[in-house]
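A.B. asks: Mind looking over this structure? Questions follow.
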Amino acid sequence: MERLFQTHEIRKQQELNSLWDFYPEGREEEKRKVLVPSCFETYPGIENYRGTGIYECDVTMGGNIRLCLKGVSHTAKVYVDEDLKGEHYNAYTPFTILLQNVNRGNHRIKVTADNSCHDRSALHVINDYYNYGGISRPVFVEEVGDIFIENMQFTPFNKEVTWYGKISVQICNLKEEKEVTLKLYLDGGIVCEILHSAPKGMSLAETEICFPDVCPYEANATKLYYLKAVLEEDGKGIDDLIDRVGFREITIEGDKILWNGKPFVIKGYNRHEDHALFGNAIPPQAMDYDIRLILESGANAVRTSHYPNDERFLDLCDENGILVWEEAHARGLSEAQMRHPDFRRQSLDCIHEMIVNHYNHPSIFTWGILNECASETEYGREVYIEQYEEMRRRDKSRPLTSATCKHFCDICLDLPDIVSVNIYPRWYEDVPVEECLIKEYEWIQTTGGAGKPVIVSETGAGGIPGYHSAHGQKWSEERQAEIVREQLTAIKNHPEYQGVFIWQFSDIRVPDENFYARPRSMNNKGIFDEYRKKKLAFYVVKEIFGGK
Ligand code: ADA
């Protein structure tokens, strides 16, 4: 399933989430059937494979085809009948390949997925999370005519207690200019009809509509509406696109982030897409299980550290009122790594693909970039400026942020709308949490970040699941729980911080190269282990976050 609801009634869609042939490159004799989506690391015998995997399947199709891949980890080449049709870099963003005038019949699709940290890869590097390989998110083909809907963006806003929505529909016309009618429906009721003269190529049909009777989208009352765009030619529907939207506005007033005009407290988790059984190809049932655990512990927010997430997870967040900080891909890159010749382009591509595809999710309240990158250097600042400008150009409706660990030397805090700090008192440094919070806040007030909202974007401690120590030694579940208690209690007592994202939801696999600080080759700071078993710290989180 592409999303958790039907996205087309007219356009013909065919899912390719089924059995594909798979073999590691150059080892065709090992060919086997695998279920897509999935990743190499879950195929017996190649759990540690780094390199290219070849996936092949047959599909019957014809006409103009949109071949949609929601995520290939992480460098992809796509062939149809052995002809290279497209390439894509980055595991965590979707891409579409348009094939025109395909002969109707059987065709062989081949996708190669490379998870190695090759020299053209600036974002997937050896890091504190695992670079899984494979077709890790859904794949499908869509048949379209010569004119179709490429994308639709909905921006809600409120004026004098009435809700409005700005709707922009991007239309792709493969032939000469033609007149079409675009009809927009909200929950089945028609709200607008636009006559649009579509030139060859891409064009935008835009409108602003007043919605006097809608209910707002609140975290505890997640009213979602189905917004449908239908393209008609000579009175006949030729294409459509359905998305779910919500009426909410995120604004900043002084040092507060407001949701529909009201401040809120963030009680969140950092979550990697990582699971002991599925790697980074987490099926929706397991995503839903994660959502249940998040809610059970009393949390209300998730940061998609450190990359854009599967849209089905975002759908679940929309549904359950879990507020999302969605982050573009980059973690802990030094100035030298940011000077990689492909870094700026790959980052901007990721930002573009994240915002275009995830724009309509009401649960996303902020976009993040460049976690713990070189924000203490002049060159780093140049890159932060470039990326913030790009984000603001693409979305003016949400505040922006980046998580920093460049304490007392960050020179970029004037750039985001929200200042976010990663702090690990009592874990990496044995200092009282209270002291750390006070020092950090005082320092922010002496920088360009003064007066802005501040979030603790990471805090936590390691706990090896099942390791118990009567003396509360480091790495024991007892010590983790004790540290997390001090961290969350202190943050709660400092309302100048608008909340916290715990590092992290569950334990995650890290590459063996990181073994020196990571027993089990895992980052063990999960409140749950990699199978989602609760650690002692869970009960502390639940008590402080007020879980039921
Ligand atoms: C950092 C980083 C995380 C993780 C964490 C840790 O702040 O942003 O990705 O590595 O530290 O576990 O130390």
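The values are calculated or read from the model by the stated rules, or taken from the named source; none is laboratory data. Nothing here was measured: the structure is a model prediction, and the numbers come from that model. Note that we place each Cβ from the backbone using ideal geometry, even for glycine, and neighbour counts take in every protein chain shown. SASA here: full protein model, heavy atoms, side chains in, ligands and nucleic acids out. Shrake-Rupley method; radii C 1.70, N 1.55, O 1.52, S 1.80 Å.
A.B. asks: Please identify the trypsin sites (Lys or Arg not before Pro) of region 68-156 that satisfy two criteria: DSSP loop assignment and at most 16 other Cβ atoms within 10 Å. Which are they?
C.D. replies: Working: sites: 70, 77, 85, 104, 108, 110, 120; in loops: 70, 120.
For trypsin sites (Lys or Arg not before Pro) across region 68-156 that sit outside H, G, I, E and B with at most 16 neighbouring Cβ atoms in 10 Å, the list reads 120.
A.B. asks: Taking all protein chains as present, what is the carbon and sulfur share of the accessible area of region 274-545, in % to the nearest whole number, probe 1.4 Å?
C.D. replies: Within region 274-545, the accessible surface is 53 percent carbon and sulfur.
A.B. asks: Scan region 329-414 for chymotrypsin sites (Phe, Trp or Tyr not before Pro) in coil per DSSP, keeping those whose Cβ has at most 15 other Cβ atoms within 10 Å, and list them by number.
C.D. replies: 408
A.B. asks: Considering only region 415-548, what is the antiparallel percent among its DSSP beta bridges, to the nearest 5?
C.D. replies: 25
A.B. asks: Carbon and sulfur atoms: what percent of the 1.4 Å accessible area of region 12-144 do they account for?
C.D. replies: 44
A.B. asks: Once you charge only the Cβ atoms, +1 for Lys and Arg and -1 for Asp and Glu, what is the size of the charge dipole of region 12-144 about its Cα centre, to the nearest 20 debye?
C.D. replies: 320
A.B. asks: Residue-wise, which Karplus ³J(HN,Hα) couplings in Hz belong to region 202-212, taking 6.51 cos²θ - 1.76 cosθ + 1.60, θ = phi - 60°, and x for glycine or proline?
C.D. replies: Using θ = phi - 60°, the values come out as 8, 9, 10, 10, 10, 7, 10, 10, 8, 10, x Hz.
A.B. asks: Provide the percentage of antiparallel DSSP beta bridges, counting only those with both residues in region 274-545; round to the nearest 5.
C.D. replies: Given both bridge residues lie in region 274-545, the antiparallel proportion sits at roughly 15 percent.
A.B. asks: Rounded to the nearest angstrom and ordered from largest down, what semi-axes does the equivalent ellipsoid of region 119-158 get from its C-alpha gyration tensor (root of 5λ)?
C.D. replies: Over the Cα atoms of region 119-158, the semi-axes work out to 33, 21, 12 Å.
A.B. asks: Send over the per residue convex hull volume for region 435-548, Cα only, as a whole number of Å³. Mind showing how you got there, number by number?
C.D. replies: Working: hull volume 14.7 nm³, N = 114.
That works out to 129 Å³ per residue.
A.B. asks: Okay, moving on. Accessible area per residue, 1.4 Å probe, Å², for the chain: what's the number?
C.D. replies: Accessible area per residue, the chain: 38 Å².
A.B. asks: Still on this structure: Which loop-located GluC sites (Glu not before Pro) does region 166-220 contain, where loop means any DSSP state but H, G, I, E or B and the Cβ has at most 16 other Cβ atoms within 10 Å? All intermediate terms of the calculation are to be shown ahead of the outcome.
C.D. replies: On the way: sites: 176, 177, 179, 193, 206, 208, 218; in loops: 176, 177.
Loop-located and lightly packed - 176, 177.
A.B. asks: Applying 1/(1 + (r/R0)^6) with R0 = 45 Å to the Cβ-Cβ distance of residue 469 and residue 496, what FRET efficiency is obtained, to the nearest 0.05?
C.D. replies: Efficiency at R0 = 45 Å is approximately 0.80.
A.B. asks: Rounding to the nearest 20 debye, state how big the charge dipole of region 339-413 is about its Cα centre with +1 on each Lys and Arg Cβ and -1 on each Asp and Glu Cβ.
C.D. replies: For region 339-413, the charge dipole is close to 220 debye.
A.B. asks: Along Cα→Cβ, 7 Å out, is where each label goes; now give me the distance between the ones at residue 35 and residue 397 in nm to one decimal.
C.D. replies: Calculated label separation equals 3.6 nm.
A.B. asks: Another question, if that's okay. Quote the FRET efficiency, to the nearest 0.05, computed for residue 108 versus residue 296 with a Förster distance R0 of 51 Å and r equal to the Cβ-Cβ distance.
C.D. replies: Efficiency, from the Cβ-Cβ distance: 0.65.
A.B. asks: Antiparallel as a % of all DSSP beta bridges within the chain, to the nearest 5?
C.D. replies: Counting DSSP beta bridges with both partners in the chain, the antiparallel share is about 80 percent.
A.B. asks: With a/c under 1.5 counting as rounded, go ahead and sort region 78-163 into rounded, prolate or oblate using the C-alpha gyration tensor (a ≥ b ≥ c being the square roots of the eigenvalues; past the cut-off, prolate if a/b is larger than b/c, else oblate).
C.D. replies: Cα axes put region 78-163 in the oblate bin.
A.B. asks: What is the ratio of the Cα radius of gyration of region 147-245 to 2.2 N^0.38 Å, where N is its residue count, to two decimals?
C.D. replies: Values: Rg = 14.4 Å, N = 99, 2.2 N^0.38 = 12.6 Å.
Compactness ratio reported: 1.14.
A.B. asks: Same structure again: Provide the per-residue ³J(HN,Hα) series for region 521-537, in order, calculated from phi with Karplus coefficients 6.51, -1.76, 1.60 and θ = phi - 60°, each as a whole number of Hz, with x at glycine and proline positions.
C.D. replies: 6, 10, 8, 8, 8, x, 7, 10, 7, 5, 9, 6, 6, 6, 9, 4, 4
A.B. asks: Can you work out D for region 12-144 in µm² s⁻¹ from Stokes-Einstein, where Rh is the Kirkwood radius over C-alpha pairs, the temperature is 20 °C and the viscosity is 1.002 mPa s?
C.D. replies: Once the numbers are plugged in, D ends up at 143 µm²/s.
A.B. asks: If you consider only alpha-carbon coordinates, what radius of gyration and Dmax does region 278-391 have, in Å?
C.D. replies: 15.4, 45
A.B. asks: Over all distinct Cα pairs, what is the inverse of the mean 1/r for the chain, reported as the Kirkwood hydrodynamic radius in Å?
C.D. replies: Evaluated over the chain, this radius sits at 24.4 Å.
A.B. asks: Projected area of region 1-86, taken from the Cα convex hull and averaged over every viewing direction, in nm²?
C.D. replies: With every direction weighted equally, the projected area is 6.9 nm².
A.B. asks: Let me check against my output: what whole-number percent is the relative contact order of the chain, with C-alpha pairs under 8 Å and at least 6 apart? Display every interim value, and only then the final one.
C.D. replies: Numbers: 1324 pairs, mean separation 67.9, N = 548.
Reported as a whole number, the value is 12 percent.
A.B. asks: Compute, for region 274-545, the length of the dipole vector about the Cα centre, with Cβ point charges of +1 (Lys, Arg) and -1 (Asp, Glu) only. Units Debye, rounded to 20.
C.D. replies: 360
A.B. asks: Please state the Cα pair-distance histogram of region 399-493 with 5 angstrom bins from zero: what percent is in each bin?
C.D. replies: P(r) over region 399-493, rounded to whole percents: 2, 14, 23, 20, 15, 11, 7, 5, 2, 0.
A.B. asks: Note down the nm distance, to one decimal, between modelled labels 7 Å out along Cα→Cβ at residue 442 and at residue 160.
C.D. replies: Reported label-point gap for residue 442 and residue 160 is 4.9 nm.
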